[in-house]
Amino acid sequence: MREKLSKRQTRLFLVSAAILLVGLGSAMAIYLAADDEADGEQGYEVAGKYIYPAMNERSKKYQHDLELYGGKAAVLADDFNRWFDGLWRGRSLAVTIGCISALLSFSFFVAARNAHFDGNADRAQEEEQT
């Protein structure tokens, strides 16, 4: 026997679908509009009349100095911060938004599936509307 969905379940299913559609649609738009930033972007420094390539912060010297001053934990923290910062730029932002919207939509879907049917509450709401 198939149960009738309550209004609460219907609303939660609709919210789940809306979050999924808006989230994946915006993620696709961001992905198509964003440039794929190169991790190895290198700036330049001007000293006097000469232009020098800027120090790459991912160089072995930088890693060595960071480990010397802060230990292995500082190197790991720096790597984590750079990874986390990279999630919010370019095409990786689109992937991040897509994943977050899919997880949020799934949680609303599970909440709708696990919501208990309360026929008395629906009948009371219908009586108030008439």
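Can you tell me how much longer the chain between ALA102 and ALA17 gets when fully stretched, taken as 0.36 nm per residue apart minus their C-alpha distance, in nm with one decimal?
Value of the extension gain: 29.6 nm.
Compute the FRET efficiency between ALA111 and ARG58 as 1/(1 + (r/R0)^6), taking r as their Cβ-Cβ distance and R0 = 41 Å, and round to the nearest 0.05.
Working: r = 43 Å, r/R0 = 1.05.
Calculated value: 0.45.
Read the figures in this text as sums done on the coordinates, not as results from a lab. All values derive from a computational prediction rather than experimental measurement. Don't worry about glycine lacking a Cβ; one is built from the backbone with ideal geometry, like all the others, and counts go over all protein chains shown.
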